[in-house]
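The values are calculated or read from the model by the stated rules, or taken from the named source; none is laboratory data. Note that the structure is a prediction, hence the values are computed from the model and not measured. Cβ placement follows ideal geometry from the backbone for every residue including glycine, while neighbour counts extend to all protein chains displayed. The protein model used for the area step is the full one, side chains on, heavy atoms only, and it has no ligands, DNA or RNA in it. Shrake-Rupley method; radii C 1.70, N 1.55, O 1.52, S 1.80 Å.
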Amino acid sequence: PLEMRLYSPPGETLLPDDTVVRIVGRIFAPSGTILLDVFSLTAYPGDPASEQYEDAIPNDTSVAVWGVGAVLNNMEYASDSQTCTFNLAVADYVRDGTKSSCWSASSFPAVTLA
């Protein structure tokens, strides 16, 4: 499950149910509930109650994650020699405190760290 927190000015209209949005925020993803503090939310235009609403939304299912942290182990290269994986320890201020997570990350193409 995902628990999302969004700060908005008093009196701001909430989005209607079934509105599709693009979100930028800080995330903490332990096992269990994922916490997301949103600092940018953009709704796709249109009426979510309309039958044609989803047809007008771009078919973009990409997810981007940026993390700055410490690499916990040596990189392991896949058989294609272009992909490497490594574990990354990251921390960020989420839900009133600094939270730490460990992510398994991939790099395309392979990079050399000095």
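Give me the orientation-averaged projected area of the Cα convex hull of the chain, in nm², one decimal. Walk me through the intermediate numbers first.
Numbers: hull surface 41.5 nm².
Mean projected area for the chain: 10.4 nm², to one decimal.
Extent along the principal axes, Cα only, for the stretch 32-83: 51, 30, 21 Å, with the longest axis given first. At a probe radius of 1.4 angstrom, the accessible area of the chain per residue rounds to 77 square angstrom.
In the chain, the sites counted are chymotrypsin sites (Phe, Trp or Tyr not before Pro) in DSSP loop states with at most 11 other Cβ atoms within 10 Å, and the longest stretch holding none of them, exclusive of the sites, is 8-65. Cβ-Cβ distance of D60 and E12, R₀ of 25 Å, FRET efficiency by 1/(1 + (r/R0)^6): the value works out to about 0.45.
Hey, quick one: spin label on F39, modelled 7 Å out along Cα-Cβ, who in the stretch 1-17 has an amide N within reach, i.e. under 18 Å? Correct set: 4-9.
Taking the charge dipole of the chain about its Cα centre, with +1 at Lys and Arg Cβ atoms and -1 at Asp and Glu Cβ atoms, the residue from A64, V24, T98 reaching farthest to the positive side is T98. Potential lengthening of the chain between T98 and V20 amounts to 25.2 nm, from the contour at 0.36 nm per residue minus the alpha-carbon distance.
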